[in-house]
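**Student:** Quick one: the structure is below, questions incoming.
The values are calculated or read from the model by the stated rules, or taken from the named source; none is laboratory data. Treat the numbers as computed from the prediction; the structure is a model and nothing was measured. Cβ: placed from backbone, ideal geometry, glycine included. Neighbour counts: every protein chain shown. The protein model used for the area step is the full one, side chains on, heavy atoms only, and it has no ligands, DNA or RNA in it. Shrake-Rupley method; radii C 1.70, N 1.55, O 1.52, S 1.80 Å.
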Amino acid sequence: VSNTPEGYYESLIEKAYARIQERDFDGAIALANQVDKNSRARDAANHITLVSYMMKNDVDRVIDEAKRMLEKDDSLSVRSTLATALMIEERNNEAYEVVEKLLEKDYNRLEEILIVLPLLVSLNMHSHVIIYTKKALKHLPLQPNGLIWLSQALYNIGQKQEAKKVMRTVYDVYGDFAPADYYLDLYDTNPPEVEYVQMMPNLKVPHTERFR
């Protein structure tokens with residue numbers, strides 16, 4: 001296989017990932033840049049490039065490179081990385097536009113849902129959080145973090161009784177291993193909105209930890 005063009009490009013990808021492990025990010029980028037734009041390995045090469053610049057803390061370059069890549073191919077991976085980089089730069093309005101464009105497509109595979117959902121949570125896109133937590137829970141029934149996000153999203157769109165019902169399910173299944181009792185008490189104080197967190201507020205899990 002390595003004697004074919006695609007085999008050669010796949011070998012470049014393997015070497016590039018090894019360079020990332022060695023924290024040789026410039027070396028990884030150089031290898032990724034050798035992958036032909038029409039190769040099936042191009043998506044992996046783009047991912048390596050963006051990850052490498054992110055690891056170099058060059059967020060502006062991540063944004064520039066992602067925008068350039070999207071001109072050629074509207075990739076979920078690239079678009080989600082662009083949105084994340086914009087949020088790091090606190091350019092949330094731009095990130096929102098990127099995610100709205102992303103949502104023009106429908107995602108149902110678990111690996112896609114796990115990319116999309118944290119973006120929706122980070123941008124407080126409540127209705128979409130409900131849609132995508134329900135999709136995730138079809139793959140992973142009774143997954144506590146997904147149920148907690150679903151409950152919080154329901155509360156934030158005014159479906160407070162349904163939010164309590166979902167949070168009670170978390171408590172019934174996981175008891176003190178999940179913070180459901182805290183949030184049920186919080187709901188009873190009737191705040192106008194609740195934050196998306198998966199643990200007690202002083203033990204927040206960043207959205208980049210993703211849905212597990």
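**Student:** Over the chain, give the accessible area per residue in Å² for a 1.4 Å probe, as an integer.
**Tutor:** In whole numbers, the chain has 55 Å² accessible per residue.
**Student:** When the Cα atoms of the stretch 1-125 are enclosed in a convex hull and the volume is divided per residue, what value in Å³ results?
**Tutor:** 113
**Student:** Right, here's the next one. Report, to the nearest whole %, how much of the accessible area of the chain belongs to carbon and sulfur atoms, 1.4 Å probe, protein only.
**Tutor:** Accessible surface attributable to carbon and sulfur in the chain totals 48 percent.
**Student:** If you fit an axis through the alpha-carbon atoms of helix 76-88 and take the longest principal axis of the Cα set of the chain, what angle between them do you get, 0 to 90°, nearest 10?
**Tutor:** Tilt relative to the chain: about 70 degrees.
**Student:** Straight-line reach from K135: which aspartates and glutamates fall under 13 Å, measuring Cα to Cα and dropping same-chain residues less than 8 apart?
**Tutor:** D106, E111, E112
**Student:** Here's something else I'd like to know. Roughly speaking, what is the centre-to-centre gap between the stretch 22-64 and the stretch 176-197 when only Cα atoms are used, to the nearest Å?
**Tutor:** Here the two parts' Cα centres lie 41 Å apart.
**Student:** So what is the calculated 222 nm ellipticity per residue for the chain, using -39500 (n - 2.57) for each DSSP H run with n of 4 or more, over all residues, to the nearest 500 deg cm²/dmol?
**Tutor:** Only helices count here, giving -21000 deg cm²/dmol.
**Student:** Also, I was wondering about something else. Among the listed pairs K72/K101; K67/K101; K37/K101; K56/K101; K72/K105; K134/K160, which have their C-alpha atoms separated by more than 21 angstrom in this model?
**Tutor:** K37/K101; K56/K101
**Student:** With every protein chain in place, what's the accessible area of M55 (1.4 Å probe, Å², nearest 10)?
**Tutor:** Counting only protein heavy atoms, the figure is 80 Å².
**Student:** May I ask you to list the residues of the stretch 114-137 whose amide nitrogen lies under 13 Å from a point 7 Å from Cα along the Cα→beta-carbon direction of K165?
**Tutor:** From the stretch 114-137, the list is empty.
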